[in-house]
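Presented below is the structure to which this report refers.
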Amino acid sequence: MRPLDRRERIAAAVWVVIAIVAWNGVYDILLTRGVKDYLLRNALHLAGRGPAVSMTERMDAAVAEAFWLATLAASLLLLAGLWTVRLLARRP
């Protein structure tokens, strides 16, 4: 396998940056959803329409879910981007 030229290295670096930004975005969206879910369940409990909710338990679950789903999404995006760079690098 030959080393990547300058344009290919730049394209790979851009894909890495895009994956990092996507990870942050997905993580933020999912964590926000977890906060809203906790607030809804707590409001239902205070209204007498649901069981007591532990903030620690709900947020631990939300953080774990957000971390793994954001990592999966960013990994797939990075894999597709680097595969594209490699495919285009083969062209004569």
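The values are calculated or read from the model by the stated rules, or taken from the named source; none is laboratory data. These numbers come from a predicted model, not from an experiment. Ideal geometry is used to build each Cβ from the backbone, glycine not excepted, and the neighbour counts take in all protein chains shown. Just so you know, the surface numbers come from the protein's heavy atoms only, side chains and all, with ligands and any DNA or RNA stripped out. Shrake-Rupley method; radii C 1.70, N 1.55, O 1.52, S 1.80 Å.
Listed values, structure above:
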read-out: Positions within the stretch 53-69 being without any contact (Cβ under 8 Å) to a residue 12 or more places away in the chain and open to solvent by 80 Å² or more (accessible area, probe 1.4 Å), in sequence order; value: 56, 57, 60, 68
read-out: Residue count, the stretch 34-45 (criterion: among the charged types (D, E, K, R) and either loosely packed, with under 13 Cβ neighbours inside 10 Å or not in a helix (DSSP H, G or I) (or both)); value: 1
read-out: Residues located in the stretch 39-80, provided they are more than 29 Å from residue 9 (Cβ to Cβ) and β-branched (Val, Ile, Thr); value: 53, 56, 63
read-out: Any hit, the stretch 25-33, residues being touching a Lys or Arg at 6+ places or on another chain (Cβ under 9 Å), more than 30 Å from residue 87 (Cβ to Cβ), open to solvent by less than 50 Å² (accessible area, probe 1.4 Å) and assigned to a helix (DSSP H, G or I); value: no
read-out: The stretch 5-20 - residue that is in contact with a helix residue (DSSP H, G or I) (Cβ under 9 Å, 6 or more places away or on another chain) and of a type in the set (A, V, I, L, M) and, of those, most open to solvent (accessible area, probe 1.4 Å); value: 20
read-out: Count of residues meeting criterion [surrounded by 15 or more Cβ atoms within 10 Å (Cβ to Cβ) and touching a Phe, Trp or Tyr at 6+ places or on another chain (Cβ under 9 Å)] in the stretch 70-92; value: 8
read-out: Qualifying residue in the stretch 10-24 (condition: more than 20 Å from the chain's Cα centre (by Cα) and within 30 Å of residue 88 (Cα to Cα)); value: yes
read-out: Filtered residue count, the stretch 46-75, keeping only those that are polar (S, T, N, Q) and outside any helix (DSSP H, G or I); value: 1
